[in-house]
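Here's the structure we're looking at; comments come further down.
The values are calculated or read from the model by the stated rules, or taken from the named source; none is laboratory data. What you see is a predicted model; the values in this text were computed from it and never measured. Cβ sites come from the backbone with ideal geometry, for glycine too, and all protein chains shown count toward neighbours.
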Amino acid sequence: MKTKVLSLFFLLSLLSGGSLAAQTKGGVTTLHTTDGWYVGVKGGTLFGTSTFTSFGADKTRVGLSAGISGGYRFNSILSMEAFVKPGQLNLAVRKNDVNANYWLGSDIVRYFAPVIDAEGWDYTNLTSKIGMQHFGLQGNVNLLGFFSSHACRLRLELSLMVSAIRTQTDLVTINGNETVITNDAQWHLGIGAGAQASYRISKHLELGLYGNLTHLSGTRFDHIPEHLYKANHLYEGGVKLTWAFGKDVPTKIQNSYVAAVETPIAAPKQQEPVREEAQEPVTIAVEHTIEKAEPIIQEPVELSFPTIYFVFNRATISTSQMPKMQEILHLLQNNPKTHVTITGWCDTVGSDSVNQRLSIRRAETVKNWLTTRGISTTRIQTIGKGRDFNEKNAAKARRSETKETKENKQ
């Protein structure tokens, strides 16, 4: 079973294609967020505790639950969803329970001993087989949303839920597996809380784990008369697969730069010499007036280099960033005396030490790309700045910036 589940996860990852949360093309970065509508399927194990419990004296009885959900994510922190989950579970007498000495009559009344000439069953030979339909609404708060943006793939949520639960219980003997009592369906109000962790494995697809605890109001859902125990709870845990429709938000990134242009100084025109006629040797005095052209003094132009953006947790240069790398290369080739400093940055996800190393690697990656194409290593200095808390957009924070070194300006 474990092998099948892992194979399914691997197949979903291949089908998803590993899409990125942000893509850059033609100077415009498109950030995909998961805000908006989403739908999902969920399923897992179900346990219960009432007068009887799933954790009986003879064995643990594992129930099953599966269903669908749909909701709306208002932002990276808050979301609301509705769900429908059918399920089934069995309960039996508790281990070392004083109820084990009781006798249940066909009138659903608890007795301390069998009643003469009345039909009934020993508690230790009974299980309650419960089918249920769970209709609910829950609100979720993503704790990681307080520290990261929409581009964060990981989500850790706490949930509060209210639900209507319909249960229908049959009492069955353990030894003969015979249904002895079939009870009418009943409705309960459920109040619960839960937690779930999910990871976005593609642009739209999220895979997660969840666990919930729900308290049911009203009479015992196992239809065994209440005695010592006040519990009326459901415990659930399982896997959740969600498709988030989301939306694409284009963000314009300015990559323009000003190149230094040399303006040629026009040389003064010289007058042609006056020809003298051989027949009449006459000397003609010609006054030449040549105005000296004042040289044009250029102000030094500061070079502006485009910013290189990186994928989450990567230091490799993507294909979409290659045109900007060519711009940096041409600027350095056309200005051979220019020295630059390349600074690497990261978003705020992760520890300081990890992001510090990653930011240095990003700066070194850009430097290595340039030096392998003829730029001297002595002209390039690299710095890693780690996490950028001033940049709220995580896609823009994962970058390297190239700037002209001031002390080398002329």
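See the values below:
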quantity	calculated
Single unsatisfied condition, A118 versus (1) farther than 30 Å from R398 by Cα; (2) in contact with a helix residue (DSSP H, G or I) (Cβ under 9 Å, 6 or more places away or on another chain); (3) at pLDDT below 85	(2)
Answer from T348, T377, T402, T372 - the residue that is touching a residue at least 24 places away in the same chain (Cβ under 8 Å), in the same structural domain as N313 (by TED's automatic domain parsing) and more than 24 Å from the chain's Cα centre (by Cα)	T402
Answer residue from the range 155-199, given it is among the charged types (D, E, K, R) and either part of a strand (DSSP E or B) or more than 15 Å from Q133 (Cβ to Cβ) (or both) and is farthest from the chain's Cα centre (by Cα) among those	E178
Condition met for F83 (more than 24 Å from T214 (Cβ to Cβ), at pLDDT 80 or above and of a type in the set (F, W, Y))	no
Filter result for T167 (outside the structural domain of N390 (by TED's automatic domain parsing), among the β-branched types (V, I, T) and farther than 20 Å from G44 by Cα)	no
Checking C152 against (1) part of a loop (DSSP other than H, G, I, E, B); (2) over 30 Å from V311 (Cα atoms); (3) of a type outside the set (S, T, Y), the condition it does not meet	(2)
Enumeration of residues in the range 131-187 that are in contact with a Gly (Cβ under 6 Å, 6 or more places away or on another chain) and either among the charged types (D, E, K, R) or farther than 16 Å from F83 by Cα (or both)	Q168
Residue identified as surrounded by fewer than 21 Cβ atoms within 10 Å (Cβ to Cβ), part of a strand (DSSP E or B) and out of contact with any Leu (no Cβ under 6 Å at 6 or more places or on another chain) among A82, A66	A66
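To keep it simple, each residue is scored yes or no on (1) touching a residue at least 40 places away in the same chain (Cβ under 8 Å); (2) surrounded by 16 or more Cβ atoms within 10 Å (Cβ to Cβ); (3) farther than 18 Å from V39 by Cα.
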site	(1), (2), (3)
H134	yes, yes, no
T167	yes, yes, yes
D184	no, no, yes
L205	yes, yes, no
